[in-house]
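Structure first, then comments.
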Amino acid sequence: MKSLVFRNFIINALGILFSRILGLARDVLIALFLGAGLYSDIFFVALKMPAFFRRIFAEGAFGQAFLPNFVKAKKKGAFCISVLLQFGIVVFLLCVLVSFFSSFFTKIFAFGFDEKTIALASPLVAINFWYLFFIFIVTFLGAILNYHHKFFITSFSAALFNLAIVIAAFFVDKNTPEKTLYYFSYATVLSGVAQLILHIVVLYKNPVIKAMVLCVKLKRAKVKLGSFYSNFFHGVLGSSATQLSSLLDTCIASFLISGSISYLYYANRVFQLPLALFAIALTQVSFPKILRHLKSNQEALALNFMRKALWALSTLLLFATIVGIVFCVEISQLLFERGNFTKDDSVITAYVLSAYLIGLLPFGLQKLFSLWLYAKFKQKIAAIIAFKSLILSVFCSVALIFIIEDESLKVLAVAFASSLSAFYLLFANIKEFGFKQLIALISWRMVFLMILFLGFFTILLFEYKQFIVDILIGIFNETFR
């Protein structure tokens, strides 16, 4: 069983890594063709809207509520059909609504945009939003795969989105940014279609899918979803708080200097690499295992698993934090500084990245501890914690913006406030998990040894920084020349 979990983690991490590498290639091309200014801000706002609802209705609240209730359901086929139909209709109607009133929704997501910018952005918002419909069905099918401990397809399929943007880049020119925006937007929607087709092919003979088809044929697809909806709506509160925080960051940045939304986006994309590769990959494979242990009244086994996951995740995230902060400027220059992306843009993006990385460890660890709440059907408590974190993040963002005098650096306030809220999220989740249980999971001898090793590792990085940079530049130039 241990080897199975490790294997699933490696497989999931490899799928995510492949997707993120393509994602970096995508962001390099976006920086090349759109830079960090008006057009890139418009595109990121257009992407932000489906991403916001996707993480609430698909990856967020839906995923957290679906799997525990799916495990409990006696008629799994009927349960899946009911959920798919009811949610599919709601998501479809939401896409139609946004298409007809795209200017209104664009104004909500980027309140600081002027009317001319809103007019440029709203058609792109209408196009990009249809990505949500396809990705919801993909998430639903991915949850079924996760139940069967098959993680690679879903983690890999996200690469199709990045690949679609990369392919679209071959048909555009950096001197025609408006045309580029439409090509990238249509590529986004088509990538959702491609991900859906991939999941349908993989799940064609899955027993759950067969049960769903049988329920439709026998007209026995009606089941009560009261418990599911209760968990889902509490999950919506929690997920919406997290996503509202991201939305408010974008909204606040729209009032700052042009390019601020883009600086946040580029820095956050780099920040998300270790977060996804380690924290998300590990928690995705951990959730089904923790659920099964708790369902079988084997809490001791679940806690032992948490101990091993906590140690592994802490180590990986701390290494990533140190490397990211030490090389933040070089990472920004290496990935983005070309075409319409200037040297000044690289420096500001690097500062924003450092501010995000301060919160990498707490962000990652809180994802692990929040699993305990979801596995014990405490979505309501998780929602309350998330909303308190949202309030803290907004308050700190606004306060720090007034403190920072340099207009070009005010965007740092948004990223640093996000990190501060991560520390609160971790503290609150640990409080619900139990401080005594946490202390029982920690080996203080290993903590002391890790501090010594990380200190030595940091000194070595600074000592050989230029040597490492020269090697990486050579590899990168050879790869992308």
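The values are calculated or read from the model by the stated rules, or taken from the named source; none is laboratory data. This one's a predicted model, so the numbers in the text were calculated from it and none came from an experiment. Heads up, the Cβs are rebuilt from the backbone with ideal geometry, glycines too, and the neighbour counts pull from every protein chain shown. All accessible areas refer to the heavy atoms of the entire protein, side chains included, with ligands and DNA or RNA removed. Shrake-Rupley method; radii C 1.70, N 1.55, O 1.52, S 1.80 Å.
In summary, A267 fulfils each of the numbered conditions (1) within 14 Å of the chain's Cα centre (by Cα); (2) not in a helix (DSSP H, G or I) with the single exception of condition (2). If you go through the stretch 327-362 and keep only what is crowded, with 23+ Cβ neighbours inside 10 Å and either among the aromatic types (F, W, Y) or in contact with a strand residue (DSSP E or B) (Cβ under 9 Å, 6 or more places away or on another chain) (or both), you end up with F336, F341, Y356. The criterion of at least 1 residues that are farther than 30 Å from L303 by Cα and of a type in the set (K, R) is met by the following helices (runs of 4 or more DSSP H) wholly inside the stretch 342-430: 343-357.
Among the conditions (1) open to solvent by 20 Å² or more (accessible area, probe 1.4 Å); (2) within 22 Å of L247 (Cβ to Cβ), Q86 misses just one, which is (2).
Within the stretch 271-320, the set of residues being hydroxyl-bearing (S, T, Y) and either at pLDDT 80 or above or open to solvent by less than 30 Å² (accessible area, probe 1.4 Å) (or both) comprises T283, S286, S314, T315. A search for C-beta distances below 6 Å between a residue of the stretch 96-111 that is under 16 Å from W130 (Cβ atoms) and any residue that is among the small types (G, A, S) and surrounded by 15 or more Cβ atoms within 10 Å (Cβ to Cβ), counting only pairs 6+ apart in sequence or on different chains, returns S99/A126; S102/S122; S102/A126; T106/A121; T106/S122.
Taking the stretch 246-257 as the range and being surrounded by fewer than 22 Cβ atoms within 10 Å (Cβ to Cβ) and modelled with pLDDT under 80 as the test, the residues that pass are S246, L247, L248, C251, S254. Within the set A46, A110, A119, the sole residue that is over 24 Å from N146 (Cα atoms), modelled with pLDDT of 80 or more and open to solvent by less than 10 Å² (accessible area, probe 1.4 Å) turns out to be A46. Here is a list of conditions, (1) crowded, with 24+ Cβ neighbours inside 10 Å; (2) not in a helix (DSSP H, G or I), and K150 meets all of them except one; can you say which number that is? Every condition holds for K150 apart from (1).
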